[in-house]
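Undergrad: My structure is below; once you've seen it, I'll send some questions.
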Amino acid sequence: METPGKAPGLTLISHEGTPYRFDPGALCLELLPTGGPGAYARFEVLHTPADLVTWAGRSRLADGLDLTVDEAELRRARALRDALFLLTAARAHGRPLQPEHLALVNAAAAEPPLAARLEADGTRSWAPGATGTQLLSTVARDAIDLFTGPCATRIRECGAHDCHLLFVDTSRPGRRRWCAMEHCGNREKVRAHRARRGPDAGTDGGE
C-alpha cells in the first residue's frame with residue numbers, strides 16, 4: 001500500500017557522495033539496497049531493529065506504521081533480503097531460481113501480513129502493533145506478486161558496468177536500462193561521448 005502523493009523510491013548516495021533517486025518499482029526490491037549476500041555485505045545498513053523500522057518508514061509503504069522489530073526478526077529480514085537479492089538477479093539474467101531461496105520467501109509469506117484499516121474519514125491507516133514478522137510477510141507477498149505477475153519478464157539489472165542495482169521496468173515501452181538516469185544513465189552518456197571523441201581529444205570542464 002502506497003501513500004497518495006508519496007513519491008515511490010529511495011534516496012541513495014553515489015560513490016562520489018551525490019544523492020540520487022532510485023525507484024526499483026516494487027516494495028520487495030526496495031529492500032535490496034540495504035545490503036546483500038557475499039561481497040554486497042559491505043553495504044549492510046540493517047544493523048539494529050531500529051534500522052529496519054527506519055527502512056519501512058522510507059519505503060513505498062503508507063506512512064503511519066506503528067512497527068516493532070526484535071533481533072530475531074532483524075535476522076530473518078537480512079536472510080529474506082539476501083534470498084530476494086539472489087532470486088531477483090537470477091530472474092534478471094534468466095538463471096534458475098534456487099529452491100532454498102524460494103523456501104525463505106514462501107516461509108515469510110505464510111505469516112500474517114501487515115493489516116490496513118479504513119478510517120471514518122475515508123483514509124487508510126495501519127492496525128496498531130505491527131510486527132517485523134508482518135512486515136516481512138508483506139514484502140515476501142509483494143515479491144511473489146512480482147515474480148508471478150505481468151512484470152516478471154521486466155526484472156532488470158542496471159546496465160552500467162559497475163552497478164548491480166535491480167529493478168522492475170514499469171515504463172510503457174519497457175526499455176529502461178539504468179537504475180536512475182541522473183546517476184548511471186548520465187555516467188554512461190559521458191563515457192559514450194568520450195569514446196566517440198577518442199583518447200586523444202581534450203577534456204571539457206565538468207567531465
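The values are calculated or read from the model by the stated rules, or taken from the named source; none is laboratory data. The structure displayed is predicted, hence computed values, not measured ones. Here Cβ is always computed from backbone atoms with ideal geometry, including for glycine, and neighbour counts include all displayed protein chains. The area values use the complete protein model at the heavy-atom level, side chains included, leaving out ligands, DNA and RNA. Shrake-Rupley method; radii C 1.70, N 1.55, O 1.52, S 1.80 Å.
Undergrad: Go through the stretch 161-181 and report how many residues are assigned to a loop (DSSP other than H, G, I, E, B) and under 17 Å from the mean Cα position of the chain (by Cα).
TA: Going through the stretch 161-181 one residue at a time, the tally reaches 11.
Undergrad: What pairs come up if the first residue lies in the stretch 85-102 and is surrounded by 10 or more Cβ atoms within 10 Å (Cβ to Cβ), the second is of a type in the set (Asp, Glu), and their beta carbons are under 9 Å apart, counting only those six or more places apart or on different chains?
TA: Qualifying pairs under 9 Å: 88/157; 89/157; 92/157; 93/157; 101/82.
Undergrad: Report the residue count in the stretch 108-128 for those that are open to solvent by less than 60 Å² (accessible area, probe 1.4 Å) and out of contact with any Leu (no Cβ under 9 Å at 6 or more places or on another chain).
TA: Looking only at that region, the number is 2.
Table: residues versus (1) modelled with pLDDT of 95 or more; (2) among the β-branched types (Val, Ile, Thr).
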| site | (1), (2) |
| --- | --- |
| 11 | no, yes |
| 27 | yes, no |
| 32 | yes, no |
| 35 | yes, no |
| 48 | yes, yes |
| 63 | no, no |
| 67 | yes, no |
| 72 | yes, no |
| 78 | yes, no |
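Undergrad: Does residue 88 qualify as being part of a helix (DSSP H, G or I), closer than 19 Å to residue 146 by Cβ and polar (S, T, N, Q)?
TA: Yes.
Undergrad: Now a separate question. In the stretch 12-43, which residue that is touching a helix residue (DSSP H, G or I) at 6+ places or on another chain (Cβ under 8 Å) and part of a strand (DSSP E or B) is nearest to residue 154 (Cα to Cα)?
TA: Ranking the qualifying residues of the stretch 12-43, first place goes to 22.
Undergrad: Among the residues in the stretch 92-113, are any polar (S, T, N, Q) and either within 17 Å of the chain's Cα centre (by Cα) or assigned to a strand (DSSP E or B) (or both)?
TA: no
Undergrad: Take the conditions closer than 17 Å to residue 108 by Cβ and open to solvent by 20 Å² or more (accessible area, probe 1.4 Å) and apply them to residue 82. Does it pass?
TA: yes
Undergrad: Out of (1) open to solvent by 60 Å² or more (accessible area, probe 1.4 Å); (2) touching a residue at least 60 places away in the same chain (Cβ under 8 Å); (3) farther than 20 Å from residue 109 by Cα, the odd one out for residue 68 is which?
TA: Every condition holds for residue 68 apart from (3).
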